[in-house]
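S.K.: Can you keep this structure in mind? I'll have questions shortly.
The values are calculated or read from the model by the stated rules, or taken from the named source; none is laboratory data. Fair warning: this is a prediction, and the values are worked out from it, not measured in the lab. Cβ placement follows ideal geometry from the backbone for every residue including glycine, while neighbour counts extend to all protein chains displayed. Note: accessible area is taken over every heavy atom of the protein model, side chains too, but ligands, DNA and RNA are not part of it. Shrake-Rupley method; radii C 1.70, N 1.55, O 1.52, S 1.80 Å.
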Amino acid sequence: MKSVQSKTFLALAFSVLFVLQSISQTLDNSLLWRISGKGLKQDSYLFGTIHIICEEQFWMEPKIEKALESAQVLALEIDMTDPNLMAEMQQLSINPGFKNIKGEFTDEQAAALSGFLTQHYGAGLDQLGILKPFVLSSMVMIKMLPCEQQSSYETFFTEKAKSQGKKVIGLETAAFQIGMFDQIPQKIQIDDLAEMVTEKDALAELNQLVETYLSQDLQKMYQIITDNEMFQQYGDLLLKQRNENWIPKIEELIKNQSAFIAVGAGHLPSDSGVIQLLRKAGYKVEAVK
């Protein structure tokens with residue numbers, strides 16, 4: 001159970017992670033939250049995303065689109081409209097000196113991973129081993145989904161915002177997000193990556209996580225994810241500190257305009273989550289029913 005959750009964690013963490021720290025009170029089952037009070041002239045909205053999901057499972061409600069339409073600006077973890085984003089991410093995703101990590105796996109792990117990559121991408125570790133482990137994890141996760149077509153909430157919101165002439169901003173940069181994983185020992189990341197292609201129940205755990213997201217049950221997500229061993233060691237780096245860094249940026253953003261803020265759902269709950277931090281800052285944050 002722990003190993004499967006940790007590999008799921010790594011794969012989804014490329015954009016944001018489904019990781020929670022602690023919860024002191026029950027939150028309503030909702031992914032959309034209204035931010036008001038503290039002298040705000042207009043309401044803003046906070047939405048919890050899942051960064052990749054099967055197209056047929058992609059869920060959207062009129063109230064969410066209405067909230068986005070009412071906002072003047074869209075805030076994501078990373079500015080998806082940045083024309084340099086893809087090139088920057090590709091450059092940062094390669095191991096220093098183009099080192100190939102194939103030799104860091106056992107023979108059995110290397111064979112399983114290389115076979116998976118070759119089957120789905122037409123190239124094995126001999127070619128793709130120069131990529132950082134968390135990038136390979138993301139590539140594996142995409143192909144583990146039981147569907148050919150995937151959707152992204154970030155892409156959906158970005159396209160909507162562009163069609164409505166809204167400005168899109170990022171709360172942090174791609175360099176910052178990718179740099180987080182450089183602070184986690186490569187051996188830990190490699191072990192989790194190997195388990196993704198050797199553990200038989202990985203897909204079942206992923207499906208459970210998606211189903212929990214679709215039920216909008218933040219409490220249950222907490223129960224699933226807090227058993228994660230990597231989180232126990234690096235939760236502050238990957239979640240808590242980022243949430244705290246976002247609050248002054250969000251406050252400045254919503255001070256004179258309405259904003260629609262979409263970040264990974266794991267950032268919403270807990271005492272150190274965005275909802276509670278905004279409440280502690282004096283704002284009223286309530287679920288939109």
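S.K.: Among all residue pairs at least 6 apart or on different chains, which show Cβ distances below 8 Å where the first residue, located in the range 110-125, is surrounded by fewer than 20 Cβ atoms within 10 Å (Cβ to Cβ) and the second is part of a helix (DSSP H, G or I) and of a type in the set (Ser, Thr, Tyr)?
M.R.: Between residues of the range 110-125 that are surrounded by fewer than 20 Cβ atoms within 10 Å (Cβ to Cβ) and residues that are part of a helix (DSSP H, G or I) and of a type in the set (Ser, Thr, Tyr), the close pairs are 112/198; 124/114; 124/118.
To keep it simple, each residue is scored yes or no on (1) among the basic types (Lys, Arg); (2) part of a loop (DSSP other than H, G, I, E, B); (3) over 18 Å from residue 131 (Cβ atoms).
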residue: 65; (1), (2), (3): no, no, yes
residue: 69; (1), (2), (3): no, no, yes
residue: 75; (1), (2), (3): no, no, yes
residue: 78; (1), (2), (3): no, yes, yes
residue: 82; (1), (2), (3): no, yes, yes
residue: 87; (1), (2), (3): no, no, no
residue: 90; (1), (2), (3): no, no, no
residue: 102; (1), (2), (3): yes, no, no
residue: 108; (1), (2), (3): no, no, yes
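S.K.: Assuming residue 188 fulfils every condition listed in (1) in contact with a helix residue (DSSP H, G or I) (Cβ under 6 Å, 6 or more places away or on another chain); (2) touching a residue at least 40 places away in the same chain (Cβ under 8 Å); (3) over 28 Å from residue 84 (Cα atoms) apart from one, which condition is it?
M.R.: For residue 188, the failing item is (1).
S.K.: From 64, 35, 130, 101, grab the single residue that is within 26 Å of residue 221 (Cβ to Cβ) and either open to solvent by 40 Å² or more (accessible area, probe 1.4 Å) or more than 21 Å from the chain's Cα centre (by Cα) (or both).
M.R.: Only one candidate passes the filter, namely 35.
S.K.: Considering only residues that are under 19 Å from the mean Cα position of the chain (by Cα) and of a type outside the set (S, T, N, Q), which ones fall in the range 189-203? Walk me through it before giving the result.
M.R.: So in the range 189-203, the residues under 19 Å from the mean Cα position of the chain (by Cα) come out as 189, 192-193, 196, 202-203.
Within the range 189-203, 192, 193, 196, 202, 203 meet the criteria.
S.K.: Also, I was wondering about something else. Can you find, within the range 78-93, the residue that is surrounded by the fewest Cβ atoms within 10 Å (Cβ to Cβ) among those that are touching a strand residue (DSSP E or B) at 6+ places or on another chain (Cβ under 6 Å) and of a type outside the set (Ser, Thr, Tyr)? Write out each step before concluding.
M.R.: Of the residues in the range 78-93, the ones touching a strand residue (DSSP E or B) at 6+ places or on another chain (Cβ under 6 Å) are 78-79, 81, 93.
Checking which are of a type outside the set (Ser, Thr, Tyr) leaves us with 78-79.
Working: 78: 22, 79: 20.
The qualifying residue surrounded by the fewest Cβ atoms within 10 Å (Cβ to Cβ) is 79.
S.K.: Could you tell me whether the range 214-228 includes any residue that is open to solvent by 50 Å² or more (accessible area, probe 1.4 Å), farther than 19 Å from residue 53 by Cα and free of Cβ contacts under 8 Å to residues at least 60 places away in the same chain?
M.R.: yes
S.K.: Can you name the number of the only condition in (1) modelled with pLDDT of 95 or more; (2) within 28 Å of residue 217 (Cα to Cα); (3) open to solvent by less than 50 Å² (accessible area, probe 1.4 Å) that residue 138 fails?
M.R.: It is condition (1) that residue 138 fails.
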